[in-house]
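A short worksheet on the structure shown next.
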Amino acid sequence: MSVALRSAREPLDVQRERRDYYRWWETEKSVEFGSTFTNQATGEAHSYAHWAPTAVEAQQQLELALPGYSLNHHVRKELVKVLEERALPEALRRTCGVKYVMRCAEQLKQARWSGAVGYSLSKAKNVVFWDSKAGLSRLCPDDAREESMRLQRKVLDPLEALQADGHALHYCVFTSPNAAPGRLRAEMVRICKAFRNRILKAKYPDGSPVFPEIKGALCVLEAPLGSARDWNVHLNVILVVKGYLDYGKLRERWHWNVEADRLAEGPGVVKGALCELIKYACAATVAKSAQKAAQAATLRDGTERVPPPPMLEWTGAELLEWLLAMRGFRRTRTYGCLFRLKKPKAEDLGQIVWLGRLDYEGGRYRVRSALLESIPEDKSSGLTGVAAYVAMLRGLALPGLRGAGTLGDQIPRDAVHTSIEALQKM
């Protein structure tokens, strides 16, 4: 976006409207075959038609993600129902949390109905800018995924650097007895204090630390509803250790159960552990608990274990308690050498060529490339978008579709094959 379109003196809502207008304007310009835009990095003029192959690839990549987007949209709609039909009446009855519940429901209602689809020139990748987001990483699955990615970018490099420097990383889960209804917030506060006092700051009578080998920790709290409709509060932790860590002493000091395992060294190991750690804390409870509910397990005595209820089956009292307990609570904490890590710089996408829109309609998301849909064609053929583009190239007999040429060569091979197969089925 041009610097002229930014102004620190403008209110945020005005800035947002200017950005939205700019994306719409750029998309509208792309529909005119022969129209051009200026590459801000080089000053060169480019034809929008040059980006038709990129639009083909962007549309097909997005179409692969659409089922997931649609599922998450359905989750948001179902959450709005349970918030308005169960949590809100309970909040009104107790006269607490009414505005917060209403705000959560309203933000979920308005989230991710449409967005602009573009291509970053500097990063050479597709981007989607949603017109609005819920801003609720504890409830919205899409927000949860973005939050987990932000946290991962913040801690991944420091953890890998520590491991390369000779520190060992241990993945641990610290558990305690489930908390009774009405005690969720108190247990969340207690378990975080217990971890800090019993493990990180534990000392012998002479003042020496019990665990001098622990140099830092990344701690993430999770608190789903258990099978007995009590709160399963526990901590997912990565410990940074210099030297030997005695698991027996760790469990003895914690008093309750501790599952622990040392992470191996190698490419992608730390990233995989972070995905597991952050996924459980940041993924929407509704999605996780629903998945667990579908996995009926059998205990050793042969009896079937009752799975925990998914959030959509929680009562109004349970929903309200969980929402108010999580509100303003810092679930992710860092200690020692991981304390106060610098926030990663926001990715600079540079200039973006806006190519189309992503909209939710008819029960699912649909991606439309304004550039592709502007291709001149025989309207009676019924072909649009990607199919129209490939049909146009075939009609012009460009050799690129057969392995040699100019414009056709820019189309990814898989995109060409997929599009031609679609044409043959019509």
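A short reminder: the numbers here are calculations on the coordinates, not readings from a lab. Here the structure is a predicted model, which is why all the values come from computation and not from measurement. Neighbour counts are summed over all protein chains in view; Cβ atoms, including those assigned to glycine, are modelled from backbone coordinates with ideal geometry.
Results, tabulated for the structure shown:
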item	result
Loop chymotrypsin sites (Phe, Trp or Tyr not before Pro), region 168-271 (other Cβ atoms within 10 Å of the site Cβ: 14 or fewer; DSSP)	244, 256
Pair residue 249, residue 276: separation of 7 Å Cα→Cβ label points (nm)	2.5 nm
By average C-beta atoms within 10 angstrom, highest first, the peptides 65-76, 108-119	108-119, 65-76
Sites residue 257 and residue 204, calculated FRET efficiency, Cβ-Cβ separation with R0 22 Å, nearest 0.05	0.40
Gyration tensor verdict on region 141-336 (Cα atoms; rounded if a/c is under 1.5, prolate if a/b is larger than b/c, oblate otherwise)	prolate
Across 154/193; 201/271; 203/343; 203/271; 203/345, pairs whose alpha-carbon gap is larger than 30 Å	203/343; 203/271; 203/345
In nm, spacing of pseudo-spin labels at residue 149 and residue 346 (7 Å Cα→C-beta vector)	1.5 nm
Calculated FRET efficiency for the pair residue 180/residue 96, C-beta based, R₀ 25 Å, to 0.05	0.85
